[in-house]
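Reviewing the structure listed below.
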């Protein structure tokens, strides 16, 4: 009998770990879904107005004209927390400790 009760308690504890993991995955998916929604809205706005997407520089680290798409993304990121977080994420060449 005690083994059965102990097994039930351990089983319930492992469910909470899975649920926490599942909640974390759900939050991450929700975050990226919202970020993509903003990018798609920028794409739709540019295409609806027949504007070119590219500029002379496709890299945000260089100064100069980046094109309409990256300029709009930068503009929205100034005021939108979701895109700001995407911009603040470390890049491939960045070292984080």
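Bear in mind that the values in this text are calculations on the coordinates, not laboratory data. Values in this document were obtained by computation on a predicted structure and should not be read as measured data. Here the Cβ positions follow ideal geometry from the backbone for every residue, glycine too, while neighbour counts run over all protein chains shown.
How high is the FRET efficiency from residue 25 to residue 54, r the C-beta distance, R0 41 Å, rounded to 0.05?
Result of the calculation: an efficiency of 0.75.
Can you give the FRET efficiency for residue 41 and residue 91, using 1/(1 + (r/R0)^6), R0 = 22 Å, r = Cβ-Cβ distance, to the nearest 0.05?
After rounding to 0.05, the efficiency reads 0.40.
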